[in-house]
Amino acid sequence: MVALMWVLEIVDLALDHRLDRYGIEPRDVDGLDGVVTAPFLHVGFGHLIGNTLPFVVMGVVIAFEGPLRLVGVTVIAALVSGLGTWLVAPENTIHLGASGVVFGYATYLIARGAFNRRFVELAIGLAVAVIWGGALLAGLEPQQGISWQGHLFGAIGGVVAARVLARRRDAQPAPA
């Protein structure tokens, strides 16, 4: 995914940023395509660089659970982020970037330990909260040119993914 993001940003630059129109356009039915395309598109290389490191680092941590887990978390976070943004962001705006997925990855890693009740997962979640917690909170603050809606719904998507993908514990037989 990261390679595709970088290739698309190079193509976007060559096309004078014409790919940016394929982002999420809130409450415009034609803008629903952006739910799928927006995570791959960025508003310049600074935006892409800002998303790449946390996307890769947290994605690798999630991938230790297996490639299907990574795909599941990515799809859930992207869909919740994209659809939430489409529903509540201001009209006549375009929302781009993988930061909704990045926020989803972070909250997935933070929340999964609570759902799975595993010490290692709780420790990883704590590390993510310490390292990226400030950025997570700052990303929810409304700012010109920043889609706090994508961040918020991405974070919600991460918690949803942690719940939906929680490992089921085998039922313990009742003591006799």
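The values are calculated or read from the model by the stated rules, or taken from the named source; none is laboratory data. The model shown is predicted, which means the values in this text are computed figures rather than measured ones. Heads up, the Cβs are rebuilt from the backbone with ideal geometry, glycines too, and the neighbour counts pull from every protein chain shown.
Among the conditions (1) over 30 Å from Leu122 (Cβ atoms); (2) of a type in the set (Asp, Glu); (3) surrounded by 13 or more Cβ atoms within 10 Å (Cβ to Cβ), Glu65 misses just one, which is (1). Restricted to segment 153-176, and to residues there that are at pLDDT below 95 and surrounded by 10 or more Cβ atoms within 10 Å (Cβ to Cβ), the residue that is nearest to Gly50 (Cα to Cα) is Ala166.
Taking the criterion of being part of a helix (DSSP H, G or I), within 22 Å of His151 (Cβ to Cβ) and either among the charged types (D, E, K, R) or within 20 Å of the chain's Cα centre (by Cα) (or both), the residues of segment 13-39 that qualify are Asp20, Arg21, Tyr22, Gly31, Leu32, Asp33, Gly34, Val35, Val36, Thr37, Ala38, Pro39.
Counting only residues that are more than 20 Å from Ala78 (Cα to Cα) and β-branched (Val, Ile, Thr), segment 107-151 holds 4 of them.
Residue-wise test of (1) in contact with a strand residue (DSSP E or B) (Cβ under 9 Å, 6 or more places away or on another chain); (2) within 14 Å of Phe153 (Cβ to Cβ); (3) surrounded by fewer than 23 Cβ atoms within 10 Å (Cβ to Cβ).
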position	(1), (2), (3)
Ile10	no, no, yes
Ala14	no, no, yes
Ala77	no, yes, no
Thr93	yes, no, yes
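Restricting attention to segment 42-50, does a residue exist that is in a helix (DSSP H, G or I) and in contact with a helix residue (DSSP H, G or I) (Cβ under 7 Å, 6 or more places away or on another chain)? Looking through segment 42-50, at least one residue is in a helix (DSSP H, G or I) and in contact with a helix residue (DSSP H, G or I) (Cβ under 7 Å, 6 or more places away or on another chain). In this structure, does Ala111 turn out to be without any contact (Cβ under 8 Å) to a residue 24 or more places away in the chain, out of contact with any Asp or Glu (no Cβ under 9 Å at 6 or more places or on another chain), surrounded by fewer than 24 Cβ atoms within 10 Å (Cβ to Cβ) and over 22 Å from Phe40 (Cα atoms)? No: the conditions fail for Ala111.
Among residues that are farther than 30 Å from Ile131 by Cα and among the hydrophobic types (A, V, I, L, M, F, W, C), Leu70 is not included.
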